[in-house]
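The values are calculated or read from the model by the stated rules, or taken from the named source; none is laboratory data. Please read all numbers here as calculations on a predicted model, not as lab measurements. Cβ: placed from backbone, ideal geometry, glycine included. Neighbour counts: every protein chain shown. Side chains are part of the model used for accessible areas, which takes the heavy atoms of the whole protein and leaves out ligands, DNA and RNA. Shrake-Rupley method; radii C 1.70, N 1.55, O 1.52, S 1.80 Å.
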Amino acid sequence: MARLAAGGVFTLLDEILSGKGKRGFACIRPPGHHAEPDKAMGFCLFNNVALGARYLQERYGMKKVMIIDIDLHHGNGIQNAFYESDQVLYASMHHFPSYPGTGKFGEVGTGKGEGFTVNIPLGKGQGDEDFARIVYFVLNPIAQTFQPEFLLIACGFDLYERDRLGAMRVTPDGYGLISFLLLAIADKVCQGRVGFIMEGGYSLRGIRECGFRVLQELCGVSSVDGKKLDKIVRSSPRKVPAMSKVMEVHSKYWPVFNRE
């Protein structure tokens, strides 16, 4: 099953790059973002998203790929796979402290990869608007500066407010809003090419309801509340405390934050 999951990611990417569509969702199990090159971790056997990024590089010759991880937990395996690379940018917004204990602000990459790992560790209880602000005010300007050729989303559903292993307050509507903003990034920087790849999620109701909202956005049947979106866009980019810190840490790598 783990091999089929990884192969499912490759098939999704092939379908998108064949021109049959610009976006898609790989509904696969087991998840992958904790898996290291030499060992399984945290329910993850093969690192599906990392393999997908490498596939884009090797099969399609892509020079810039951006991975955004929206799972509750930090994707240590993805980070480690590209920690020294300036061709794959990895950004994660996750609960901290939590399993696996990685993903601090100061983990920014090394060598040529310094600045191309962006960690946004968050305390428990963050909700829809908090995550939406991070996408809009932090990940969006980085993506527009980096200009990736493809966007991969490590899509965990354990941010859901009733997830048994979670500590956040994201609703199904919040997942729709986050997806809407991620798709807007893809439209701006990589011709809309984006693949959502399923990661964690430990509530069947959460996977069903949040997954439905994500798929609505992918299918262009948006349920996003325009007033809520406008409120986020007009709010302070530093309203979420972690945003101020990540902007401070990464201003030396991404000058766009010096204008905030």
Which one of these is more than 18 Å from Leu12 (Cβ to Cβ), in contact with a helix residue (DSSP H, G or I) (Cβ under 6 Å, 6 or more places away or on another chain), open to solvent by 20 Å² or more (accessible area, probe 1.4 Å) and not polar (S, T, N, Q): Val249, Val240, Val233, Val224?
Val224
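Let's see how each residue does on (1) over 17 Å from the mean Cα position of the chain (by Cα); (2) in contact (Cβ under 8 Å) with a residue 24 or more places away in the chain; (3) open to solvent by 40 Å² or more (accessible area, probe 1.4 Å); (4) within 16 Å of Tyr253 (Cβ to Cβ):
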position: Gly52; (1), (2), (3), (4): no, yes, no, no
position: Gln57; (1), (2), (3), (4): yes, yes, no, no
position: Tyr60; (1), (2), (3), (4): yes, yes, yes, no
position: Asp69; (1), (2), (3), (4): no, yes, no, no
position: Gly77; (1), (2), (3), (4): no, yes, no, no
position: Tyr90; (1), (2), (3), (4): no, yes, no, yes
position: His94; (1), (2), (3), (4): no, yes, no, no
position: Val108; (1), (2), (3), (4): no, yes, no, yes
position: Gly111; (1), (2), (3), (4): yes, yes, yes, yes
Residues of the range 207-260 being touching a strand residue (DSSP E or B) at 6+ places or on another chain (Cβ under 7 Å) and among the small types (Gly, Ala, Ser), which ones?
Ala242
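When you scan the range 52-67, do you find a residue that is assigned to a helix (DSSP H, G or I) and touching a Gly at 6+ places or on another chain (Cβ under 8 Å), even just one? Talk me through it step by step, then tell me what you get.
Step one: of the range 52-67, the residues assigned to a helix (DSSP H, G or I) are 52-60.
Cutting the leftovers down to touching a Gly at 6+ places or on another chain (Cβ under 8 Å) gives us 52.
Checked against the condition, which is being assigned to a helix (DSSP H, G or I) and touching a Gly at 6+ places or on another chain (Cβ under 8 Å), the range 52-67 yields at least one hit.
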Cβ pairs under 6 Å, 6+ apart or interchain, first in the range 231-243 and farther than 9 Å from Val138 by Cβ, second part of a helix (DSSP H, G or I) and among the polar types (S, T, N, Q), ordered by first then second residue, are Arg238/Ser244
Working carefully through the options Cys219, Cys190, find the one that is under 25 Å from Glu149 (Cβ atoms) and open to solvent by 80 Å² or more (accessible area, probe 1.4 Å).
Cys219
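Filter the range 115-150 down to residues that are in contact with an Asp or Glu (Cβ under 9 Å, 6 or more places away or on another chain) and assigned to a helix (DSSP H, G or I) and give me whichever is nearest to Arg238 (Cα to Cα).
First, pick out the residues of the range 115-150 that are in contact with an Asp or Glu (Cβ under 9 Å, 6 or more places away or on another chain): 115-117, 119, 122, 127-128, 137, 141.
Keeping just the survivors that are assigned to a helix (DSSP H, G or I) gives 128, 137, 141.
Details: Asp128: 16, Phe137: 8, Pro141: 14 Å.
Here the residue is Phe137.
Looking only at residues in the range 1-50 that are in a helix (DSSP H, G or I) and open to solvent by 60 Å² or more (accessible area, probe 1.4 Å), which one is farthest from His94 (Cα to Cα)?
First, pick out the residues of the range 1-50 that are in a helix (DSSP H, G or I): 2-17, 48-50.
Then keep just the ones that are open to solvent by 60 Å² or more (accessible area, probe 1.4 Å); that gives 3-4, 11, 15.
Working: Arg3: 27, Leu4: 27, Thr11: 28, Glu15: 30 Å.
That would be Glu15.
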Of the residues that make up the range 123-133, is at least one more than 21 Å from Asp225 (Cα to Cα), within 16 Å of the chain's Cα centre (by Cα) and charged (D, E, K, R)?
no
What pairs come out if I take residues in the range 192-204 that are in contact (Cβ under 8 Å) with a residue 24 or more places away in the chain and pair them with residues that are part of a strand (DSSP E or B) and hydroxyl-bearing (Ser, Thr, Tyr) whose C-beta lies under 6 Å away, six or more apart or interchain?
Ser203/Tyr160
Of (1) closer than 16 Å to Leu139 by Cα; (2) touching a strand residue (DSSP E or B) at 6+ places or on another chain (Cβ under 8 Å); (3) modelled with pLDDT under 95, Ala186 fails just (3)
Can you confirm whether Leu177 is touching a strand residue (DSSP E or B) at 6+ places or on another chain (Cβ under 7 Å), outside any loop (DSSP other than H, G, I, E, B), open to solvent by less than 30 Å² (accessible area, probe 1.4 Å) and touching a residue at least 12 places away in the same chain (Cβ under 8 Å)?
no
